[in-house]
Amino acid sequence: MVRVDRNVLTDPVRLEAVELYRLLLPVSPMPMDALAALAARLLAAPMAGLTLLGDGEEFISAAHGLPEPLCGQRRLSQNYSLCKYVVSADHVLAVTDMRDGGDPELSSHPLLTEYGVRSFLSVPVRDAQDRPIGALTVLDTEPRRWSDENTTQLLEVEKLLRPPTETPARSTVIAALDSAALLDSVQQALAAVDVRGTVVGFNTSAERLLGFDRTEIYGRHLDECLMPAYNDQPVGEALVRLFARPPAWPVRRPISLRHRDGHRILVDAAITVVHGAAGALACVFITDLSGQRAAEERAEHSDSFLSALLDSLAVGVLACDAGGDIVVLNRALREIHGFPDTEDVPEDYGSIVDGFLYDADHRPMPWADTPLMRARAGEVVRDADIVVEVPGHRSRTFAVTAQPIVGRDGLRRGAVSVAHEVTALRRVEQFRACHLRVEQAFKGAATVAEAAPRVLEAVVTTLGWPAAELFLIDEISGELQAAGHWCVDGFEAGNFFGHTPVKGLGVTGRVWQTGRPVWVPEIAADANLSTPFERERVDICLRNGIHTVIAVPVTDGDSLLGVLTCYAGAAEDLENLLTVLLDGVAAQIGVFVALRRAQELARQLARAQDDFISLVGHELRTPLTSIAVHAGVLAEDGARFDDDSRQSVDAIARNAADLQTIISTLLELAGLDSGHLPLTIAPVDLAGVIDEAVAAAAEHIAAHDVRLLTDVPDGVVVEGDAARLREVLRDLLSNAVKYSPDGGEIRVGLRLDADMAELRITDEGIGTPVEERERVFDRFYRGRNVRHHGTHGHGLGLSLARTIVQLHGGTIRLLDHAPTGTAVVVRLPQRHA
């Protein structure tokens, strides 16, 4: 803890020594400002100062990098003094962080609060009697730990600051000093010139900086060797003015000097006039600025690049220093808050945003709990959701990541946070969850009435609304009728639900009439709801705390199926977003309703088709049997007819037989589909079934001159109906033979694949177009290439084969068989379900 000892500060002997040294230091052989700069450079600090502590004020004898308001008058109020603590303690004082060091005296010091000084190292400056008269201090705007080496370096520089006194003993000592050795020990470059501009002094540091050896530069004019350039003014005139009116303090100027190899070096020159036995000399302490200028240019380039980079980012970037003050606020974040691009960062940024930040559960988030402030305290925050609700702007959600900024010394320098907008993503996630709940509700329901409550519950709980209602158009009457509703617990439904909408009136009725969504943000203020029916519905809504109503059409393509109506307890303003959500739900409802109606229609059509086939089959069988019998009798007496008559009788018999086959197949299909002709399940040896089918087709195969090759292993057994499976093989072989060219080849293969038996029949025939391979299994459908070839058939064989295979739990499909032909693949499970 620092302290101020008034007895030490007001000691008259000490104050007398201060006044003496105020006179001696300006005429010291070494420029005080240059030595302050040396101290700052040795300790890599931005500021340094030599101060003498008087009675009630502090005198600045040397300064480097100090703000102009502090050192402009070369004296300060002791309120700004650090020297008073060093003089009071008469000891070295090293402070790591004035703000966070725990010392109330330093944490409120004006150098910290007004000029941002955070750390300093100060050593006492003593007179000849070893009394503390002032301090040599280096200062930094960043927290910093000062090492023992730093202290040693500063004490060595302080020794150089002790000027000679007027006492004989001191004069003798000073006169005995080797001034050349002393100047060579100074790390700053020094050149001395006489009134004519001739170089008479040049230390070792100057040799290293400018490349000249002192033996080759002594006695030469400045214009012949160093060629100084200062505002295009002649050096001689500047020297005349300098010696004519020597400055009380060293004059500092940026100039450029010529290096021995010819290139120019930008330097900072601290010039003072010193009087000695050889007359007046201009001593120039030279500081190389080329590295500093390059570093400044690099820093400026880096700053410009960083600023452009930050402003080009679509994410918001916010950074603070160790004290919590905002130092970076990029363009994206300014837009979020509505700040102009040209204004500085508001000093009270935290208090400005404190009122419109919320967490993911929409609880207010104080500035101290934001990710940036948590990171400033040392925490790493990842993907924390923050909701920003700036007055006059839409609500937006951001995923924020923040982390501390740590220096090489391990100290926290501040924190940075990055905010990525996820408003759309969070809404999509919320709406996706709603759609999934709606989908699950439909999956577990057989009817719309059964699904409606769960669907409506998913919608209103997602929106946080109290109630919703679904209306569907009756297919018979064409009227809109209530199909289901849902409300939160505690909602006084009463006569709220179940009313009959009127087309064109009210929110639901207007959607029914127009087929377009209707949004009423405040029903009490809507002038369109003016009829008695509408006012009655408004009163019912208001009594139940309903203020906002949104209704969307339920459609299937261009067909209006119904209306989905939702009710909110408070005014809502996200019309487009909520309409999109409800349109999506309404589309799901529309698909479900249309699917259920289509399924019911398909069942009705299937029943009508089966009834028709059964009726036609039974009605046609008797006359066809009679025709076939009489045609047979006539054929037996064919000797009595001429050739034309016999051909007619044969045609009648042949076509009657075809019709009987078609009717029998149709009745068989109807019986299998309806379950009236059940399968007889037993173990079936597929190899035996294939052999029987091949034997039965032998005559047909021989008539078409095709080769039949089989690859059928024994022991492939499935559970099935042997007779029905023979029918499948018979029809498939018949097709393969029928569509194969003369001399073609048919292959029959059988293999066992896991628990499935696979039968494959390939031919080299005309094949089946890809787009027709599913349709050929439909009743009476025949491919276009078959029709163009004029091949006889009735289009029922593959329909019957698929029905039998599917009743066995298997599959049948057509594939390509390169280069030409068709492959029919039948897969049957070994175990029948």
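The values are calculated or read from the model by the stated rules, or taken from the named source; none is laboratory data. Since the model is a prediction, treat every value here as computed from it, not as a measurement. Positions of Cβ are backbone-derived with ideal geometry, glycine not excepted, and every protein chain shown enters the neighbour counts. For accessibility, only protein heavy atoms count, side chains too; no ligands or nucleic acids. Shrake-Rupley method; radii C 1.70, N 1.55, O 1.52, S 1.80 Å.
When the stretch 127-161 is examined, which residues are found to be in contact with a strand residue (DSSP E or B) (Cβ under 8 Å, 6 or more places away or on another chain), at pLDDT below 90 and more than 17 Å from Ala48 (Cα to Cα)?
Of everything in the stretch 127-161, just one residue is in contact with a strand residue (DSSP E or B) (Cβ under 8 Å, 6 or more places away or on another chain), at pLDDT below 90 and more than 17 Å from Ala48 (Cα to Cα), namely Asp127.
So the check is Cβ under 8 Å with 6+ separation or different chains; which pairs have a first residue in the stretch 175-195 that's open to solvent by less than 50 Å² (accessible area, probe 1.4 Å) and a second one that's modelled with pLDDT under 70?
Listed pairs, sorted by first residue: Asp194/Ala278.
Take Val125 and tell me if it is surrounded by fewer than 19 Cβ atoms within 10 Å (Cβ to Cβ) and of a type outside the set (Ser, Thr, Tyr). Show your work before the answer.
Details: surrounded by fewer than 19 Cβ atoms within 10 Å (Cβ to Cβ): no; of a type outside the set (Ser, Thr, Tyr): yes.
So Val125 fails the test.
Of everything in the stretch 200-256, what is open to solvent by 60 Å² or more (accessible area, probe 1.4 Å), acidic (Asp, Glu) and in contact with a helix residue (DSSP H, G or I) (Cβ under 8 Å, 6 or more places away or on another chain)? Give them in sequence order.
Passing the criteria: Asp213, Asp223.
Within the stretch 333-350, can one find any residue that is at pLDDT 80 or above, in a helix (DSSP H, G or I) and of a type in the set (D, E, K, R)?
yes
Let me spell it out: the conditions are (1) closer than 21 Å to Val460 by Cβ; (2) surrounded by 13 or more Cβ atoms within 10 Å (Cβ to Cβ); (3) modelled with pLDDT under 85, and Ile613 meets all of them except one. Which number is the exception?
Only one criterion is unmet by Ile613, namely (1).
So that you can scan it fast, the table gives a plain yes or no per residue for (1) assigned to a loop (DSSP other than H, G, I, E, B); (2) under 58 Å from the mean Cα position of the chain (by Cα):
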site: Val195; (1), (2): yes, no
site: Gly219; (1), (2): yes, no
site: Pro247; (1), (2): yes, no
site: Pro254; (1), (2): no, yes
site: Leu266; (1), (2): no, yes
site: Leu281; (1), (2): no, no
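If you go through the stretch 640-651 one residue at a time, do you hit one that is surrounded by 14 or more Cβ atoms within 10 Å (Cβ to Cβ) and closer than 26 Å to Arg779 by Cβ?
no
Let's see how each residue does on (1) in contact with a Leu (Cβ under 7 Å, 6 or more places away or on another chain); (2) surrounded by 15 or more Cβ atoms within 10 Å (Cβ to Cβ):
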position: Pro340; (1), (2): no, no
position: Gly355; (1), (2): no, no
position: Thr370; (1), (2): yes, yes
position: Ala375; (1), (2): no, yes
position: Arg396; (1), (2): no, yes
position: Pro404; (1), (2): no, yes
position: Gly407; (1), (2): no, no
position: Leu411; (1), (2): no, yes
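Among (1) under 19 Å from Pro453 (Cβ atoms); (2) in a strand (DSSP E or B); (3) modelled with pLDDT of 90 or more; (4) not aliphatic (A, V, I, L, M), where does Gly484 come up short?
Checking Gly484 against (1) under 19 Å from Pro453 (Cβ atoms); (2) in a strand (DSSP E or B); (3) modelled with pLDDT of 90 or more; (4) not aliphatic (A, V, I, L, M), the one that fails is (3).
Restricted to the stretch 69-118, and to residues that are open to solvent by 50 Å² or more (accessible area, probe 1.4 Å) and among the hydrophobic types (A, V, I, L, M, F, W, C), which residue is farthest from Asp409 (Cα to Cα)?
Result: Ala89.
For (1) touching a strand residue (DSSP E or B) at 6+ places or on another chain (Cβ under 8 Å); (2) buried (at least 16 other Cβ atoms within 10 Å of the Cβ); (3) more than 13 Å from Ile546 (Cβ to Cβ), each residue gets a yes or a no:
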site: Val459; (1), (2), (3): yes, yes, yes
site: Ala467; (1), (2), (3): yes, yes, no
site: Asp474; (1), (2), (3): yes, no, yes
site: Leu480; (1), (2), (3): yes, yes, yes
site: Val488; (1), (2), (3): yes, no, no
site: Ala493; (1), (2), (3): yes, no, no
site: Gly504; (1), (2), (3): no, no, yes
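Each row is one residue, and each column tells you yes or no for (1) within 20 Å of Gln599 (Cα to Cα); (2) acidic (Asp, Glu).
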{"position": "Phe431", "(1), (2)": "no, no"}
{"position": "Cys434", "(1), (2)": "no, no"}
{"position": "Glu439", "(1), (2)": "yes, yes"}
{"position": "Lys443", "(1), (2)": "yes, no"}
{"position": "Thr461", "(1), (2)": "no, no"}
{"position": "Ser477", "(1), (2)": "no, no"}
{"position": "Ala483", "(1), (2)": "yes, no"}
{"position": "Glu492", "(1), (2)": "no, yes"}
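Is there a residue being among the charged types (D, E, K, R), over 22 Å from Arg252 (Cβ atoms) and open to solvent by less than 10 Å² (accessible area, probe 1.4 Å) anywhere in the stretch 12-34? Even if it seems obvious, please write down each step before you answer.
Filtering the stretch 12-34 down to residues among the charged types (D, E, K, R) leaves 14, 16, 19, 22, 33.
Then drop every residue that is not over 22 Å from Arg252 (Cβ atoms), which leaves 14, 16, 19.
Among the residues that remain, those that are also open to solvent by less than 10 Å² (accessible area, probe 1.4 Å) are: 14.
Yes, that holds for at least one residue.
Can you tell me which residue within the stretch 815-827, out of those that are modelled with pLDDT of 90 or more and not basic (Lys, Arg), is surrounded by the fewest Cβ atoms within 10 Å (Cβ to Cβ)?
Within the stretch 815-827, the match that is surrounded by the fewest Cβ atoms within 10 Å (Cβ to Cβ) is Val825.
Can you tell me which residue within the stretch 488-525, out of those that are modelled with pLDDT of 85 or more, outside any helix (DSSP H, G or I) and among the small types (Gly, Ala, Ser), is nearest to the chain's Cα centre (by Cα)?
Step by step, filter the stretch 488-525, then rank; the result is Gly515.
With respect to Arg432, is the statement that it is part of a loop (DSSP other than H, G, I, E, B), basic (Lys, Arg) and surrounded by fewer than 13 Cβ atoms within 10 Å (Cβ to Cβ) true?
no
Would the stretch 36-52 turn up any residue that is at pLDDT 90 or above, open to solvent by less than 20 Å² (accessible area, probe 1.4 Å), of a type outside the set (Asp, Glu) and over 14 Å from Leu136 (Cα atoms)?
No, every residue in the stretch 36-52 fails to be at pLDDT 90 or above, open to solvent by less than 20 Å² (accessible area, probe 1.4 Å), of a type outside the set (Asp, Glu) and over 14 Å from Leu136 (Cα atoms).
Scan the stretch 357-366 and tell me whether some residue there is closer than 24 Å to Ser307 by Cα and modelled with pLDDT of 80 or more.
no
Quick one: in the stretch 357-368, which of the residues that are within 23 Å of the chain's Cα centre (by Cα) and touching a residue at least 12 places away in the same chain (Cβ under 8 Å) is surrounded by the most Cβ atoms within 10 Å (Cβ to Cβ)?
Met365
Table: residues versus (1) over 18 Å from Tyr21 (Cα atoms); (2) of a type outside the set (S, T, N, Q); (3) within 52 Å of the chain's Cα centre (by Cα).
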site	(1), (2), (3)
Leu66	yes, yes, yes
Tyr80	yes, yes, yes
Arg99	yes, yes, yes
Pro110	yes, yes, yes
Ser119	yes, no, yes
Arg126	no, yes, no
Pro143	yes, yes, yes
Ser147	yes, no, yes
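Residue check: is Ala375 assigned to a strand (DSSP E or B) and either of a type outside the set (Val, Ile, Thr) or in contact with a Pro (Cβ under 6 Å, 6 or more places away or on another chain) (or both)?
In short, no.
Hey, could you check the stretch 526-555 for residues that are of a type in the set (A, V, I, L, M) and in a helix (DSSP H, G or I) and say which is farthest from Val593 (Cα to Cα)? Steps first, please.
Step one: filter the stretch 526-555 for residues of a type in the set (A, V, I, L, M), giving 527, 529, 538, 540, 542, 546, 549-552, 554.
Applying the additional criterion that residues be in a helix (DSSP H, G or I) yields 538, 540, 542.
Numbers: Val538: 29, Ile540: 29, Leu542: 32 Å.
Looking at residues that are of a type in the set (A, V, I, L, M) and in a helix (DSSP H, G or I), I get Leu542.
Which helices (runs of 4 or more DSSP H) does the stretch 653-759 wholly contain that include 3 or more residues that are open to solvent by 40 Å² or more (accessible area, probe 1.4 Å) and more than 28 Å from Ala628 (Cα to Cα)?
In the stretch 653-759, 686-696 are the helices (runs of 4 or more DSSP H) which contain 3 or more residues that are open to solvent by 40 Å² or more (accessible area, probe 1.4 Å) and more than 28 Å from Ala628 (Cα to Cα).
Val448 fails exactly one of the following numbered conditions: (1) hydrophobic (A, V, I, L, M, F, W, C); (2) loosely packed, with under 14 Cβ neighbours inside 10 Å; (3) in contact with a Lys or Arg (Cβ under 8 Å, 6 or more places away or on another chain). What is the number of that condition?
Checking Val448 against (1) hydrophobic (A, V, I, L, M, F, W, C); (2) loosely packed, with under 14 Cβ neighbours inside 10 Å; (3) in contact with a Lys or Arg (Cβ under 8 Å, 6 or more places away or on another chain), the one that fails is (2).
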